[in-house]
Amino acid sequence: MGAYAEYVKVPAMATEIIPDGLDFATATIVARHAPTAFYLLRDKAKMATAEWILITGATCGLGSLGVQAAKLLGCKVIAAGAADRVQAAVELGADAGIVYRSHDIEAEVKAITCGHGVDVVFDNVGDPKSFPSLV
């Protein structure tokens, strides 16, 4: 079907001009993942202002756009992952972070949210070790 083709032909209306200063790789990530993040958070999860969301993989393509979309929707974001990635997600806009390999993710979420917990989990990792009590 052309997935491995060197060139493809598409209608001009299905294309976008990449703005100056934006490289191709970044443009493709934004074009692919931003609509997905907004669809999942705004349309499917119905995230609302001041709700809490836990995002695993918060520095991958979809996760990082999930952090930004959630913040634009007025949500409070907790990023979970490795220490360096949690720090990067906080720099991107997450309100808090949890290094889930060395901390109890559920206890940390309860502490950060003052016992409320999160309203939505946006899991981009799919690792059963992330939520051991649920496995």
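The values are calculated or read from the model by the stated rules, or taken from the named source; none is laboratory data. The structure presented is a predicted model; accordingly, all values stated were derived computationally and were not measured. We work out accessible area using only protein heavy atoms, side chains counted, and drop any ligands, DNA or RNA first. Shrake-Rupley method; radii C 1.70, N 1.55, O 1.52, S 1.80 Å.
One quarter of the convex hull surface, Cα atoms only: what value does that give for the range 8-135 in nm²?
Hull-based average projected area comes out at 9.6 nm².
Would you look at the GNM of the chain, springs on alpha carbons closer than 10 Å, and say which of GLU108, GLU16, GLU91 moves the most?
Maximum fluctuation in the GNM of the chain, among the listed residues, is at GLU16.
If you roll a 1.4 angstrom probe over the protein chains with everything in place, what fraction of the accessible area of the chain belongs to carbon and sulfur, to the nearest %?
59
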